[in-house]
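Here is the structure we will look at, set down as structure tokens.
The values are calculated or read from the model by the stated rules, or taken from the named source; none is laboratory data. As the structure is a prediction and not an experimental result, all values here were calculated from the model. Note that we place each Cβ from the backbone using ideal geometry, even for glycine, and neighbour counts take in every protein chain shown.
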Amino acid sequence: MGSVSVVIPCYRYGHFLADCVRSVLDEQPGVDVRVLIIDDASPDDSADRARELAAADARISVAVHEANRGHIATYNEGLLDWAESDYCVLLSADDRLTPGALVRATALLDANLSVGFVYGHPLTFQDSAALPVARGADWRPGQWAVRPGLWWLRRRFRTAQGCITSPEVVMRTSVQKRIGGYDPALPHSGDIEMWMRAAAVADVGHIRGADQAYYRRHGANMSTVDFGGQLDDLRQRRAAFESVLVKCGEAMPEADAWAAEMRRKLARQALRRAVRAYDKGLTHTIPVAELLAFAADCWPDYRRLPEYAGLRVRRAVGERAMPYLRPLVVSAAVNRGREWVWWQSWRRRGW
């Protein structure tokens, strides 16, 4: 069974460290694991807590930055400069692995040399809440899927979004070194961009029938997207996909068609968010005009998209009345859809 280097970046999350490290060292039987905790100049006692853990277990190393370098530089320090095991993991100090997660991931990677990284299903829980019960006690080797990397990459462009939270990923270290680390130009979407680059050079594995990590939700999560951040989320995702096109476009068949589908999907997602702003009476909070401009920039023919028709209706009704009239508007749209389906059926039958 392969060895694993686990990088745990920490900034003011010292109070989570013991639980995070325990999930790596005490709940992965039979796996040779080494841990590096990198404290990025936390202003609290996080560095001291990290040193206490290292003093109690020789498998733990600690690096402490004198000045804050930011999360991207910290990630790359661990993954590119320190990791030397067969496989590597980036695990935020506020998250944790499920029991046996590394056992399952390394079994898949050992059995499938073409696979560059493995992921699985993460469990989300609220800060301070009890951990949900994780599946995996009856898991057996072979309960996995291996997909060609370009097939997986094609799926990402088709949906214009990722399917990974982050702590559930185990990557082959040789692949990590080959593709490089996180792109500093993508501070908020560098993870999906990096995984897509990995899929451009290697296959992708997926664990079935088990949960692979716990992702903690709390107010300080970097990935939390509030109403005001919805436009930023779309922009950052587009930047990630555009970056992959530049770096890996030659390896992607029909890259232009993939790019067009991605941009069209992002335009539709922007319009849906604008529609929801009217439905929830949040047009004063959600930047509807900017979402519309983003959709137009992604897909100049955005007025022909089905979501735009819904937005036009809502704008005509008005932002104040729409939350009250939404059931009627939605019902009318559903009925129009049924009429369209009936009409197409009637035409096909030649009636």
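Search region 167-181 for residues being touching a strand residue (DSSP E or B) at 6+ places or on another chain (Cβ under 9 Å) and assigned to a loop (DSSP other than H, G, I, E, B), and hand back the single one that is modelled with the lowest pLDDT.
Applying the filter and picking the extreme gives Pro167.
Cys88 versus (1) of a type in the set (A, V, I, L, M, F, W, C); (2) under 30 Å from Asp110 (Cβ atoms); (3) in a loop (DSSP other than H, G, I, E, B): which is the lone unmet condition?
Single failed check for Cys88: (3).
Please tell me if Pro187 is at pLDDT below 95 and either under 14 Å from Glu242 (Cβ atoms) or surrounded by 22 or more Cβ atoms within 10 Å (Cβ to Cβ) (or both).
No.
For Leu291, which of the numbered conditions (1) without any contact (Cβ under 8 Å) to a residue 60 or more places away in the chain; (2) surrounded by 14 or more Cβ atoms within 10 Å (Cβ to Cβ) fails to hold?
(1)
If we keep just the residues of region 288-302 that are over 26 Å from the mean Cα position of the chain (by Cα) and part of a helix (DSSP H, G or I), which is modelled with the lowest pLDDT?
Ala289
Could you pull out the residue among Val201, Val170 that is more than 18 Å from the chain's Cα centre (by Cα), of a type in the set (Val, Ile, Thr) and surrounded by 14 or more Cβ atoms within 10 Å (Cβ to Cβ)?
So the residue among Val201, Val170 that is more than 18 Å from the chain's Cα centre (by Cα), of a type in the set (Val, Ile, Thr) and surrounded by 14 or more Cβ atoms within 10 Å (Cβ to Cβ) is Val201.
Is there any pair linking a residue in region 176-200 that is basic (Lys, Arg) to one that is assigned to a helix (DSSP H, G or I), with Cβ under 7 Å and at least six apart or on different chains, and which?
Listed pairs, sorted by first residue: Lys177/Leu80; Arg197/Ile179; Arg197/Val244; Arg197/Lys247; Arg197/Cys248.
Here are Ala255, Ala259, Ala274, Ala267: which of them is touching a helix residue (DSSP H, G or I) at 6+ places or on another chain (Cβ under 6 Å) and free of Cβ contacts under 8 Å to residues at least 24 places away in the same chain?
Only one candidate passes the filter, namely Ala255.
Considering only region 232-239, I want to know if a residue exists there that is surrounded by fewer than 22 Cβ atoms within 10 Å (Cβ to Cβ), at pLDDT below 95 and not assigned by TED's automatic domain parsing to the domain that holds Leu90.
Looking for residues that are surrounded by fewer than 22 Cβ atoms within 10 Å (Cβ to Cβ), at pLDDT below 95 and not assigned by TED's automatic domain parsing to the domain that holds Leu90, one finds at least one in region 232-239, hence yes.
Counting just the residues of region 66-94 that are within 17 Å of the chain's Cα centre (by Cα) and of a type in the set (Ser, Thr, Tyr), which one comes out nearest to Ile164 (Cα to Cα)?
The selected residue is Ser92.
I'm trying to understand the selection: among the residues of region 67-107, which are buried (at least 22 other Cβ atoms within 10 Å of the Cβ) and among the hydrophobic types (A, V, I, L, M, F, W, C)?
Leu79, Ala83, Cys88, Val89, Leu90, Leu91, Ala93, Leu97, Ala101, Leu102, Ala105, Ala107, listed by residue number.
Restricting to region 42-94, count the residues that are under 21 Å from Pro184 (Cα atoms) and either of a type in the set (Ser, Thr, Tyr) or modelled with pLDDT under 95 (or both). Give the derivation first.
Within region 42-94, the subset under 21 Å from Pro184 (Cα atoms) is 42, 63-83, 88-93.
Then drop every residue that is not either of a type in the set (Ser, Thr, Tyr) or modelled with pLDDT under 95 (or both), which leaves 42, 74-75, 92.
Residues in region 42-94 being under 21 Å from Pro184 (Cα atoms) and either of a type in the set (Ser, Thr, Tyr) or modelled with pLDDT under 95 (or both): 4 in total.
Checking the conditions here, which among Val31, Val4, Val64 is surrounded by fewer than 17 Cβ atoms within 10 Å (Cβ to Cβ) and either closer than 11 Å to Ala93 by Cβ or among the hydrophobic types (A, V, I, L, M, F, W, C) (or both)?
On inspection, the qualifying residue turns out to be Val64.
Restricting to region 121-166, give me the number of residues that are touching a Pro at 6+ places or on another chain (Cβ under 9 Å) and part of a loop (DSSP other than H, G, I, E, B).
6
Rundown of residues vs (1) farther than 19 Å from Gln176 by Cβ; (2) free of Cβ contacts under 8 Å to residues at least 60 places away in the same chain; (3) in a helix (DSSP H, G or I); (4) under 25 Å from the mean Cα position of the chain (by Cα), yes/no style:
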{"site": "Val4", "(1), (2), (3), (4)": "no, no, no, yes"}
{"site": "Val7", "(1), (2), (3), (4)": "no, no, no, yes"}
{"site": "Phe16", "(1), (2), (3), (4)": "yes, no, yes, yes"}
{"site": "Cys20", "(1), (2), (3), (4)": "yes, no, yes, yes"}
{"site": "Val24", "(1), (2), (3), (4)": "no, no, yes, yes"}
{"site": "Gly30", "(1), (2), (3), (4)": "yes, no, no, no"}
{"site": "Val35", "(1), (2), (3), (4)": "no, yes, no, yes"}
{"site": "Ile38", "(1), (2), (3), (4)": "no, yes, no, yes"}
{"site": "Pro43", "(1), (2), (3), (4)": "yes, yes, no, no"}
